[in-house]
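Have a look at the structure below before the remarks.
The values are calculated or read from the model by the stated rules, or taken from the named source; none is laboratory data. Predicted, not measured: the structure shown is a model, and the values here were computed from it. Accessible surface is based on the protein model in full, side chains and every heavy atom, while ligands, DNA and RNA are left aside. Shrake-Rupley method; radii C 1.70, N 1.55, O 1.52, S 1.80 Å.
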Amino acid sequence: MFNDIGPLELVTLVVLAVLVFGPEKLPKMIQDVTRTIRKIREFSESAKADIREELGPEFKDFEFEDLNPKTFLRKQLDNDELGLKEIRNGFDLKKEMAEVTDAVHGRESEPGGSANGSTGGSVDMTKKREKLDPEERPPFDADAT
């Protein structure tokens, strides 16, 4: 529940609680807070049970965590019926990025072809700079400025 609170922050909260509530009222406040949290959890569990009961047997494997879009998508994408794992495993992103980097820097990529296995010619995307005479000015490129 409090995974992102560090030890210094926890000590600060304890000191602040002692200053605000006082050392004699602090145990009573802690008991009240834990009792309230327990009641909220019980209420939540009974509401979940009521909803499951009202939905009926066709929704027996319904999970409330599926209502979170992130969890729902993760569960659907892990489902192997769509064949998404094969598609995902067919891409080698590191290899693709290495090939693009090599093309930009004008280097030859490693042998082995492209990611999809075709052996077509590669396109040189680098600008070749012509040698200029020492007194010659470089050409002006309006698009580059």
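Of note:
- Percentage, to the nearest whole number, of Cα pairs in the stretch 1-62 over 19 Å apart: 57 percent
- For LYS60, LYS75, LYS48, the ranking by accessible surface with the largest value first comes to LYS60, LYS75, LYS48, using a 1.4 Å probe.
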